[in-house]
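Engineer: Once you've had a glance at the structure underneath, I'll fire off some questions.
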Amino acid sequence: MTLRGWVTCAVIVVLALVPPIVSLVDNAFILDMATRFVILAIAAVSLNLILGYGRMISFGHAAYLGIGAYAVGIPAYYEVYNGYLHILIAMSVSAVFALVTGIVCLRTRGVNFIMITMAFAQMVFFAFVSIEEYGGDDGLVIEMRSEFGSLIDLENASVLYYVCFVSLLLILYLIRRIVRSRFGMVIQGARGNEPRMQSLGFDTFRYKLACYVIAGTICGYAGALLGNFTNFISPEMMDWTRSGELIFMVVLGGTGSVFGPVLGTSVFLFLEEILSGLWLYWQLVFGVFLILVVLFAKGGIDSWLSGRRTH
Amino acid sequence: MNSDVLLSISDLYKAFGGVAATNQVTLDILDREVHAIIGPNGAGKTTLVSQLTGVLMPDAGQITFKGNDITYMPAHRRPHLGMARSFQITSIIHDMTVLENVALAIQAKAGHSYRFWRSADSDQNLTGPAMEALRGVGLEAQAMQIAGPLSHGEHRQLEMAMVMATAPVLVLLDEPTAGMGQEDSTRMIAALQVLKGSCTIILVEHDMDAVFALADRITVLVEGRVIATGKPDAIRSDETVRQAYLGEELEAVTDVPGSGSSGTVRHVC
Ligand SMILES: Nc1ncnc2c1ncn2[C@@H]1O[C@H](COP(=O)(O)OP(=O)(O)OP(=O)(O)O)[C@@H](O)[C@H]1O
Ligand SMILES: [Mg+2]
């Protein structure tokens with residue numbers, strides 16, 4: 001097995017063992033950290049589907065985290081706690097949002113694409129800021145977590161963690177299948193040479209749009225988990241800086257593999273935790289570090305592990 | 001005209017910033033002929049091919065394929081009618097393997113690609129015919145290599161495999177021997193010789209050896225205009241063509257004795 005394979009397995013095993021370890025050392029903070037990590041990893045992995053595999057650099061991916069979280073928060077506000085309904089709303093609203101905005105965004109390229117995805121995300125941000133009913137700027141407290149019958153009780157922190165963890169595994173597997181499928185080949189072909197793909201007979205716009213919708217829908221699901229985890233949702237969750245952080249997680253981990261963004265997310269959160277405890281101006285150091293990573297470590301942690309620098 | 005016309009171009013016009021790159025081009029391409037398009041640099045050959053394939057949209061005029069108007073049909077729909085093109089500047093997907101490049105060409109024609117589950121790399125329906133096409137151009141040994149780092153000659157072979165993989169009705173080749181050495185280009189001409197008769201070929205080419213070896217008919221473009229269309233012998237001996245273009249090019253080509261005026265040349269301008 002390659003170094004990359006070992007690391008992947010090790011990360012998954014450690015994640016699987018987090019709750020028992022936490023109960024041994026009796027430190028709930030670790031479980032909280034791990035849950036947040038797994039949820040953000042899902043978001044990063046979904047972003048990589050469009051960013052890494054499709055070279056669609058979306059600067060508005062955090063909007064789906066917000067949409068997903070509000071899809072839990074707003075029904076809960078009306079005392080509707082059905083988790084299946086929450087997830088249905090989170091994913092379908094995300095899908096529709098991705099479809100409508102994707103139709104516009106995907107007509108642009110390069111910096112314009114980055115700017116317009118950011119603009120759409122900021123529109124959602126300001127929309128929720130302006131809705132006083134749901135707390136506006138201050139956000140919305142989610143009194144109770146989503147209910148999934150008696151079998152799954154999200155109020156139990158370990159159960160919530162395992163739901164997130166299993167979701168991550170399933171989504172990793174799903175995306176791995178997608179990128180190797182015919183659909184995935186079209187997306188990667190369009191990344192490499194879009195005019196050529198068109199002259200071969202592919203309507204690349206539609207395939208990219210479908211990819212954009214899939215990524216947004218998955219991230220909307222992550223948002224629903226996030227709302228459950230934090231018991232609180234505010235527009236701040238989908239601020240453009242949040243989208244920027246997701247991009248950094250992906251780039252840091254490496255866009256060349258399905259698992260890379262998981263590594264990126266872990267290192268990102270780890271450094272954030274360490275640095276923020278050390279120094280008031282940690283963000284400055286962190287920012288410089290991230291810029292260096294983007295500039296010099298092209299394939300991220302992933303390519304360093306596999307000793308391969310493809311793109 | 002007659003039922004043998006596969007592609008018909010009439011009064012096609014395209015200008016870039018006021019300068020006509022395609023100027024009132026009217027031309028019929030017959031079924032299963034090899035139709036060479038020649039002319040000096042900047043004559044508008046690539047621009048014409050790009051309009052035929054939908055990469056560029058004409059400003060005026062009409063293009064019909066098998067009797068259907070395709071003038072403004074999007075590029076990605078034309079391959080489904082049986083059109084395939086190669087590019088003057090090699091256009092492949094650099095970060096994929098040689099086999100994946102050709103498999104994509106097959107996949108493009110094998111129904112929709114909203115298939116999210118099965119691995120494409122192990123799909124016999126794609127890799128089988130793709131491997132076949134690679135064998136056809138002699139590139140099967142490189143099938144599993146990433147396409148980008150291969151040599152220029154290999155890129156051109158790959159480009160040709162991608163064009164031929166789907167057994168197209170009409171093939172548009174924009175300088176297939178561009179940048180090739182003598183040996184490679186001889187091999188390319190031989191490969192095209194094999195193809196001849198099985199499909200219609202529009203061949204843009206500067207290499208007059210290739211043109212006179214392959215073409216059933218030749219059209220000469222100068223400054224966006226068709227100055228002559230006809231059989232190779234007739235084009236060779238045509239005074240206008242000689243003056244405008246062929247004069248110096250033809251010195252290099254061995255003159256065929258007795259190739260007087262066996263064909264007819266239609267002057268357009
Ligand atoms: N996208 C473009 N924008 C502006 N001008 C263009 C464009 N494409 C081509 N031209 C101009 O149109 C004219 C025809 O160019 P074209 O590439 O079709 O010539 P060509 O016959 O293929 O030449 P070559 O033999 O060098 O390949 C040239 O004057 C060129 O500068
Ligand atoms: Mg040209």
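Engineer: Please work out which residue is farthest from the other protein chains (Cβ to nearest Cβ), limiting yourself to the range B:172-196 and to residues that are touching a residue at least 60 places away in the same chain (Cβ under 8 Å) and away from ligand 1 (no atom under 16 Å from the Cβ).
Structural biologist: From the range B:172-196, those touching a residue at least 60 places away in the same chain (Cβ under 8 Å) are B:172-176, B:178, B:192, B:196; that's our starting set.
After this cut, where a residue has to be away from ligand 1 (no atom under 16 Å from the Cβ) as well, the list is B:192, B:196.
Numbers: B:Leu192: 19, B:Lys196: 23 Å.
For the range B:172-196, the residue satisfying everything is B:Lys196.
Engineer: Shifting gears a bit: Which members of the range B:120-149 meet the condition of being modelled with pLDDT of 95 or more and not in a helix (DSSP H, G or I)?
Structural biologist: B:Ala143, B:Met144, B:Gln145, B:Ile146, B:Ala147, B:Gly148, B:Pro149
Engineer: Helices (runs of 4 or more DSSP H) wholly in the range A:189-301 with at least 1 residues that are among the charged types (D, E, K, R) - which ones?
Structural biologist: Passing ranges, in order: A:204-230, A:240-253, A:260-278.
Engineer: Then there's this: If you check B:Arg135, B:Arg118, which single one turns out to be surrounded by fewer than 17 Cβ atoms within 10 Å (Cβ to Cβ) and within 12 Å of chain A (Cβ to nearest Cβ)? Walk me through it before giving the result.
Structural biologist: Values: B:Arg135 fails: within 12 Å of chain A (Cβ to nearest Cβ).
One residue alone meets the criteria, B:Arg118.
Engineer: Also, I was wondering about something else. Would you check if A:Ala157 is in contact with a Ser or Thr (Cβ under 9 Å, 6 or more places away or on another chain) and modelled with pLDDT under 95?
Structural biologist: On the way: in contact with a Ser or Thr (Cβ under 9 Å, 6 or more places away or on another chain): yes; modelled with pLDDT under 95: yes.
It is true that A:Ala157 is in contact with a Ser or Thr (Cβ under 9 Å, 6 or more places away or on another chain) and modelled with pLDDT under 95.
Let's see how each residue does on (1) within 22 Å of B:Ile89 (Cα to Cα); (2) surrounded by 19 or more Cβ atoms within 10 Å (Cβ to Cβ):
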| site | (1), (2) |
| --- | --- |
| B:Leu7 | no, yes |
| B:Tyr13 | no, no |
| B:Val25 | no, yes |
| B:Ile38 | yes, yes |
| B:Val49 | yes, yes |
| B:Leu52 | yes, yes |
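Engineer: Show the residue pairs that are 6+ apart or on different chains and have beta-carbon atoms under 7 Å apart, the first residue being within the range B:130-141 and within 18 Å of B:Pro168 (Cβ to Cβ), the second being among the β-branched types (Val, Ile, Thr).
Structural biologist: These pairs meet every condition: B:Ala130/B:Val102; B:Ala130/B:Ile106; B:Ala133/B:Val102; B:Leu134/B:Val98; B:Leu134/B:Val102.
Engineer: Considering the range B:197-223 alone, what residues qualify as being more than 13 Å from ligand 1 (Cβ to nearest atom), closer than 23 Å to B:Ala244 by Cα and not hydrophobic (A, V, I, L, M, F, W, C)?
Structural biologist: Selection gives B:Asp209, B:Asp216, B:Arg217.
Engineer: A further question follows. I'm told B:Arg156 meets every condition in (1) within 16 Å of ligand 1 (Cβ to nearest atom); (2) closer than 30 Å to B:Gly67 by Cα except one. Can you identify the failing condition by its number?
Structural biologist: It fails just one condition, (2).
Engineer: Report, by residue number, each residue of the range A:36-75 that is buried (at least 24 other Cβ atoms within 10 Å of the Cβ) and over 29 Å from A:Glu273 (Cβ atoms).
Structural biologist: A:Gly54, A:Met56
Engineer: Regarding B:Ala103, is this residue touching a residue at least 40 places away in the same chain (Cβ under 8 Å) and either away from ligand 1 (no atom under 16 Å from the Cβ) or more than 10 Å from chain A (Cβ to nearest Cβ) (or both)? Don't jump to the end; show me each part of the working.
Structural biologist: On the way: touching a residue at least 40 places away in the same chain (Cβ under 8 Å): no; either away from ligand 1 (no atom under 16 Å from the Cβ) or more than 10 Å from chain A (Cβ to nearest Cβ) (or both): yes.
Against the criterion (touching a residue at least 40 places away in the same chain (Cβ under 8 Å) and either away from ligand 1 (no atom under 16 Å from the Cβ) or more than 10 Å from chain A (Cβ to nearest Cβ) (or both)), B:Ala103 does not qualify.
Engineer: To continue, here is another question. Considering only residues that are of a type in the set (Gly, Ala, Ser) and in a helix (DSSP H, G or I), which ones fall in the range A:87-137?
Structural biologist: Of the residues in the range A:87-137, the ones of a type in the set (Gly, Ala, Ser) are A:90, A:92, A:94-95, A:98, A:102, A:110, A:119, A:121, A:127, A:130, A:135-136.
The answer is A:Ala90, A:Ser92, A:Ser94, A:Ala95, A:Ala98, A:Gly102, A:Gly110, A:Ala119, A:Ala121, A:Ala127, A:Ser130, A:Gly136.
The values are calculated or read from the model by the stated rules, or taken from the named source; none is laboratory data. The shown structure was predicted, so the numbers you read here are calculated from the model rather than taken from an experiment. Using ideal geometry, Cβ is built from the backbone for each residue, glycine included, and neighbour counts are taken over all protein chains shown.
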